[in-house]
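Have a look at the structure below before the remarks.
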Amino acid sequence: MTDATLPEEANAPSPTAVAEPGRKRPKPGERRVQILHTLATMLEQPGAERITTAALAAKLEVSEAALYRHFASKAQMFEGLIEFIEQSVFTLVNQISERETSGQVQAQKILSVLLQFGEKNPGMTRVMVGDALVFENERLVSRMNQFFDRIESQLRQSLRLAAESVGSQTPTVDAQAQASVLTGFAVGRLQRYARSGFKRMPTEHLDGALALLVRS
């Protein structure tokens with residue numbers, strides 16, 4: 001991860017510091033954050049294979065049993081990453097909805113913050129598009145699908161507002177169709193980013209794309 005940080009991450013010791021003799025053991029909350037941060041970092045490696053708890057433990061220089069003292073399963077670790085994605089993105093989405101009165105501007109900014117988040121957090125992008133969840137618990141994929149359903153729902157609200165502002169006779173229908181297209185666009189950009197080894201930026205030519213896609 002880069003700009004976005006996990007809660008309390010700034011206070012979490014590095015794996016090297018934890019391993020040094022004479023240093024205090026990290027608090028339980030700090031260790032959880034450290035595990036999630038390391039998992040996200042491992043996911044940032046282009047072409048990374050399925051991450052095992054053994055590989056994660058080795059990276060942290062701890063035993064697998066130590067991981068399970070903080071998380072009941074690997075699925076629970078991924079749930080921790082998904083919670084971070086949800087909290088980070090929807091905090092920004094809610095701020096946009098509260099501050100912007102134009103539905104069109106709301107929709108543009110929602111797409112922008114979603115794609116910017118993915119660009120700054122490549123490991124999280126692999127979770128968002130499901131690449132990192134292959135062979136993992138099905139409920140993780142379902143939860144990420146719900147995340148994009150929420151994005152689409154928020155876009156519908158914004159686009160309905162935009163349609164009403166220009167006197168559309170069918171604002172709900174217009175908003176539903178456009179929100180579906182915009183959500184598909186965002187997912188496609190994130191998938192391309194992950195599958196290009198993080199070379200094709202999701203925000204590439206974003207202003208021009210939004211000008212074409214988000215119009216009254």
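Data table
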{"item": "Ser165 being among the hydroxyl-bearing types (Ser, Thr, Tyr), in contact with a Gly (Cβ under 7 Å, 6 or more places away or on another chain) and either open to solvent by 50 Å² or more (accessible area, probe 1.4 Å) or free of Cβ contacts under 8 Å to residues at least 40 places away in the same chain (or both)", "result": "yes"}
{"item": "The stretch 36-49 residues that are closer than 18 Å to Glu64 by Cα, paired with ones that are of a type in the set (Gly, Ala, Ser) and modelled with pLDDT under 90 (beta carbon under 8 Å, 6 or more apart)", "result": "His37/Ala12; Met42/Ala48"}
{"item": "Enumeration of residues in the stretch 192-208 that are out of contact with any helix residue (DSSP H, G or I) (no Cβ under 7 Å at 6 or more places or on another chain) and open to solvent by less than 60 Å² (accessible area, probe 1.4 Å)", "result": "Ser196, Gly197, Glu204, Gly208"}
{"item": "Members of the stretch 154-169 found to be outside any helix (DSSP H, G or I) and hydroxyl-bearing (Ser, Thr, Tyr), listed by number", "result": "Ser168"}
{"item": "The stretch 174-184, residues that are in contact with a helix residue (DSSP H, G or I) (Cβ under 8 Å, 6 or more places away or on another chain) and open to solvent by 40 Å² or more (accessible area, probe 1.4 Å)", "result": "Asp174, Gln176, Gln178, Ser180, Val181"}
{"item": "Every pair of residues 6+ apart whose Cβ atoms lie under 6 Å, when the first sits in the stretch 174-189 and is over 14 Å from Pro202 (Cβ atoms) while the second is of a type in the set (Ser, Thr, Tyr)", "result": "Asp174/Ser168"}
{"item": "Unique match (being touching a residue at least 24 places away in the same chain (Cβ under 8 Å) and either surrounded by fewer than 20 Cβ atoms within 10 Å (Cβ to Cβ) or in contact with a Cys (Cβ under 9 Å, 6 or more places away or on another chain) (or both)) among Gln157, Gln95, Gln108", "result": "Gln157"}
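The values are calculated or read from the model by the stated rules, or taken from the named source; none is laboratory data. Note that the structure is a prediction, hence the values are computed from the model and not measured. Heads up, the Cβs are rebuilt from the backbone with ideal geometry, glycines too, and the neighbour counts pull from every protein chain shown. Only protein heavy atoms, including side chains, enter the accessible area calculation; ligands, DNA and RNA are left aside. Shrake-Rupley method; radii C 1.70, N 1.55, O 1.52, S 1.80 Å.
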